[in-house]
Amino acid sequence: MLYQLWMRVLLFFRVIAVEGRDATKTDAMIDRLEREISERDSYIQGIVGTAQDTERDLTQSETEMVTEARKRIEVCEEQLESLNDARERTQKA
C-alpha cells in the first residue's frame with residue numbers, strides 16, 4: 001500500500017516516466033483508478049462528516065453506502081497494484 005502511494009507521487013510529479021504506447025494506456029488507466037479512489041474517499045468522508053456534524057451515528061443506509069464505496073476502493077487498489085507490477089516488469093525489460 002505504501003509502495004503504491006509512493007509510486008503515485010513519483011508519477012504525479014513526473015520523477016519517473018513510463019515509455020511506449022502501451023505505457024500511455026497503462027498510465028491512463030492508473031490515473032483513472034487513482035481519481036476514482038480519491039472521489040470515493042471524498043464521498044465516504046462526506047457521508048461521515050454529515051453524521052458527525054449532527055453528532056449522530058451513521059444510518060443503516062449511510063453504512064451501506066460507505067461499505068459499497070470501500071469495496072470499490074479495494075477493487076481499484078488491487079487493479080492498481082497489478083498495473084504497477086506490470087509497468088515495473090516492462091521497465092526492467
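Here, each number is a calculation from the coordinates, and none is a lab measurement. Here the structure is a predicted model, which means the values were calculated and not measured. FYI the Cβ positions are ideal-geometry reconstructions off the backbone, even for glycines, and counts take in every protein chain you see.
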Inset, instruction - Compute the distance in nm between two label points, each set 7 Å from the Cα along the Cα-to-Cβ direction, one at Ala86 and one at Glu68. - result: 2.8
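How would segment 18-93 be classified by its alpha-carbon gyration tensor: rounded, prolate or oblate, with rounded meaning a/c under 1.5 and the a/b versus b/c comparison settling the rest? Write out the running numbers ahead of the final one.
Numbers: a/c = 4.55, a/b = 3.35, b/c = 1.36.
Prolate, since a/c reaches 1.5 and a/b exceeds b/c.
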Inset, instruction - Give me the number: length gained by fully extending Gln60 to Met29, i.e. 0.36 nm times residue separation minus the C-alpha to C-alpha distance, one decimal in nm. - result: 7.8 nm
Legend entry - Förster radius 30 Å - calculated FRET efficiency between Gln79 and Thr50, Cβ distance, rounded to 0.05: 0.55
